[in-house]
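Participant: Sharing a structure, written as structure tokens. Questions coming.
Just so it is clear, none of the values below were taken in a lab; they were calculated from the coordinates. All of these numbers come straight from a predicted model, not from anything done at the bench. Every residue, glycine as well, gets a Cβ built from its backbone with ideal geometry; the counts of neighbours run over all protein chains shown.
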Amino acid sequence: MQDILVERNEQWVEITINRPDKLNAIREQTASEILQVIEEAEADRSCRAILIRGLDKAFCTGVDTSEFKQDPEEIFELWRRRKRSRKVNQMFRALPDVTKPVLAIVEGYALGGGFELAMLCDLIVAGEGAQFGLPESKLGLMPGAAGTQTLPRLIGKPLAKEMMWTGRRLSAQEALAMRIVNHVAEKGKAIDAGRELARKIAANAPLSVMFCKQAIERGTNVSLSEGMNIEADSFFSLAFSTDKEEGLAAFRDKRPPNFTGR
Ligand code: COA
């Protein structure tokens, strides 16, 4: 790997974006490497979560601006590339579909695509000093990794518009108050808080965790009745799992469960 560090820790995998010279801006190579690790984590039954983190100064400052250069002859090829072959777009698209919990651990800047990356993860743990913003309008661009969709869903339209139009950055505490982040830890300690969360998730039945995520993702924008159908189907599927038997038996026997993800 050139742009990321990968570490297996207890029952999860930790991806560290590692481009200090570019404040962790992501390029095609970075996205391709992250996609590869996600694919491996999906195939690894013993891996129960994915943590994505950055460096102390920056989680990620967005897509590497040098990759926005275009051949004027091929301007409309951009549309096809973004849709079909560009790894950065494939990575952003892949995140909501990952079947395992993905936690963003944010210290320092989470700007542009970096903030969008964090919002496409399942939850965010931030260190004091983290800053969140979508400054693309300052560059004549606009959010291109679902920011116009994810941010208003989290904080409502007026504030989302203000952030995109003015480039206003939110502090970790502001992001906590707006429910963008789940937890704020001491500066430099977000990873510890994130690992603690991953440990708690990993102790529970993986299929339950997976189906909860799926029901929430699939059910958010449908009618309540349709959402209840989605939940009911997942609930029914769990009836066939051995972990359900194990969970109930452990509760009965007053012992910790030993879940296997089956
Ligand atoms: N793409 C490419 N390079 C980036 C980058 C990005 N998104 N963000 C930072 N860098 C690079 C800088 O160009 C600089 O490289 P250089 O030393 O070769 O010139 C290096 O990272 C350090 O950044 P610098 O701006 O000198 O650090 P700073 O502490 O003064 O400012 C930021 C930090 C995050 C405020 C500033 O880098 C910034 O505004 N970055 C762009 C954020 C953005 O607009 N993202 C959306 C992109 S679509």
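Participant: Rg/Rh for segment 108-262: what does it come to with C-alpha atoms and Rh from Kirkwood?
Facilitator: Using Cα coordinates only, the ratio equals 1.07.
Participant: Can you tell me the length gained on complete extension of the stretch ASN229 to GLU196, counting 0.36 nm per residue apart and subtracting the Cα distance?
Facilitator: So the extension gain works out to 8.6 nm.
Participant: Give me the distance in nm between label points sitting 7 Å out from Cα along the Cα-to-Cβ direction at VAL6 and LEU248, one decimal.
Facilitator: Going from the VAL6 label point to the LEU248 one covers 3.9 nm.
Participant: Please name whichever of VAL102, LEU5, SER32 sits farthest to the positive end of the charge dipole of the chain, dipole taken about the Cα centre and charges placed at Cβ: Lys and Arg +1, Asp and Glu -1.
Facilitator: VAL102
Participant: If you don't mind, another one. Taking H as built 1.01 Å from N, whose amide H comes closer than 5 Å to the amide H of ALA185, not counting residues under 5 places away?
Facilitator: Those qualifying (amide H under 5 Å, at least 5 residues apart or on another chain) are ALA126, GLY127, GLU128.
Participant: Further, regarding this structure: Using 29 Å as the Cα-Cα cut-off, could you pick out the over-long pairs in LYS22/LYS83; LYS22/LYS157; LYS22/LYS189; LYS83/LYS189; LYS157/LYS200?
Facilitator: Flagged as over cut-off: LYS22/LYS157; LYS83/LYS189; LYS157/LYS200.
Participant: Related question: Taking amide hydrogens as modeled 1.01 Å from N in the peptide plane, which residues meet the under 5 Å criterion relative to TRP12, leaving out close sequence neighbours?
Facilitator: ARG48
Participant: Here's something else I'd like to know. Let me know the Rg and Dmax you get for segment 64-147 when you use only its Cα atoms, in Å.
Facilitator: 14.3, 46
Participant: Let me ask something else. Taking R0 as 51 Å, what's the FRET efficiency between LEU238 and GLN149 from their Cβ-Cβ distance, rounded to 0.05? It would help to have the intermediate numbers written out before the result.
Facilitator: Numbers: r = 30 Å, r/R0 = 0.59.
After rounding, the FRET efficiency stands at 0.95.
Participant: Same structure, new question: Based on the alpha carbons, how large is the Rg to Rh ratio for segment 206-253 when Rh follows Kirkwood?
Facilitator: 1.08
Participant: Still on this structure, I have one more. Treating the angle as unsigned and between 0 and 90°, give the value, to the nearest 10°, between the Cα long axis of helix 242-253 and the longest Cα principal axis of the chain.
Facilitator: Helix 242-253 and the main axis of the chain meet at about 60 degrees.
Participant: Which ³J(HN,Hα) values, rounded to whole Hz and listed in residue order, are derived for segment 66-71 from phi using the Karplus coefficients 6.51, -1.76 and 1.60 in 6.51 cos²θ - 1.76 cosθ + 1.60 with θ = phi - 60°, glycine and proline given as x?
Facilitator: Computed from phi, the couplings for segment 66-71 are 5, 8, 8, 5, 10, 6 Hz.
Participant: Using a Gaussian network model of the chain whose springs link C-alpha atoms within less than 10 Å, name the residue from PRO135, PRO158, PRO72 with the highest mean-square fluctuation.
Facilitator: PRO72
Participant: Under a point spin-label approximation (7 Å from Cα along Cα-to-Cβ), what is the ALA203-MET142 distance to one decimal in nm?
Facilitator: The answer from the label model is 4.6 nm.
Participant: In the chain, which longest range has no chymotrypsin sites (Phe, Trp or Tyr not before Pro) that are both DSSP loop (not H, G, I, E or B) and surrounded by at most 11 other Cβ atoms within 10 Å?
Facilitator: 77-239
Participant: To the nearest 500 deg cm²/dmol, what mean residue ellipticity at 222 nm is calculated for the chain from DSSP H runs of n ≥ 4 alone, each contributing -39,500 (n - 2.57), summed and divided by the residues?
Facilitator: About -13000 deg cm²/dmol.
Participant: Then there is this: How large is the direction-averaged shadow of the alpha-carbon convex hull of the chain, in nm²?
Facilitator: Mean projected area of the Cα convex hull: 15.4 nm².
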